[in-house]
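The values are calculated or read from the model by the stated rules, or taken from the named source; none is laboratory data. These numbers were taken from a predicted model, which means no experiment stands behind them. So basically every Cβ, Gly included, is an ideal-geometry build from the backbone, and we count neighbours across all protein chains shown.
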Amino acid sequence: MPAVDVIDETFLAVPPTTVAAAFADPGSWRRFWPDLRLSVYADRGPEGLRWTVAGALVGTMEVWLEPVLDGTLLHYFLRADLPEGAQTRRGGVTREKTRRQLAAKALALDLKAVLEDGRPPGCPPAN
């Protein structure tokens, strides 16, 4: 089992293609995960991306975009270890996992705020 195993889900009231566009540009990856080097091994278009991860962590990461009702359920998975030889103090792995969990939710909520653009809850998307 990887040392850092993060799973997150957030509903965004926009179509999967809109969410996919937010992840399409590799420049956005550097903003979202500045300490990770990502290489795509599966570009699933409107269903998301899968990457291998290097840098501060080594493993895999996925953004799966599931159409749900009039929006998208953004699933985020990060399964990684600290690089070989990385020094961690007691509790360091736990702190890293917590840091990555909080960062995943912050990213999802930031995307939600930007992509939904003030859409009130329960209202249909603007055309």
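Things worth noting here:
- Among the residues of segment 1-38, those identified as touching a Lys or Arg at 6+ places or on another chain (Cβ under 8 Å) and over 22 Å from Glu116 (Cα atoms) are Pro2, Ala3, Val4, Asp5, Val6.
- Residue selected from segment 72-87 under the condition more than 12 Å from the chain's Cα centre (by Cα) and more than 13 Å from Val4 (Cα to Cα), by the criterion modelled with the lowest pLDDT: Gln87
- Any hit, segment 41-52, residues being acidic (Asp, Glu), in contact (Cβ under 8 Å) with a residue 12 or more places away in the chain and under 26 Å from Glu96 (Cβ atoms): no
- Strands (runs of 3 or more DSSP E) fully within segment 1-119 counting 3 or more residues that are surrounded by 18 or more Cβ atoms within 10 Å (Cβ to Cβ): 4-12, 48-55, 58-68, 71-81
- Failed item, numbered, when Lys105 is tested on (1) touching a residue at least 60 places away in the same chain (Cβ under 8 Å); (2) of a type in the set (Lys, Arg); (3) within 13 Å of Val4 (Cβ to Cβ): (3)
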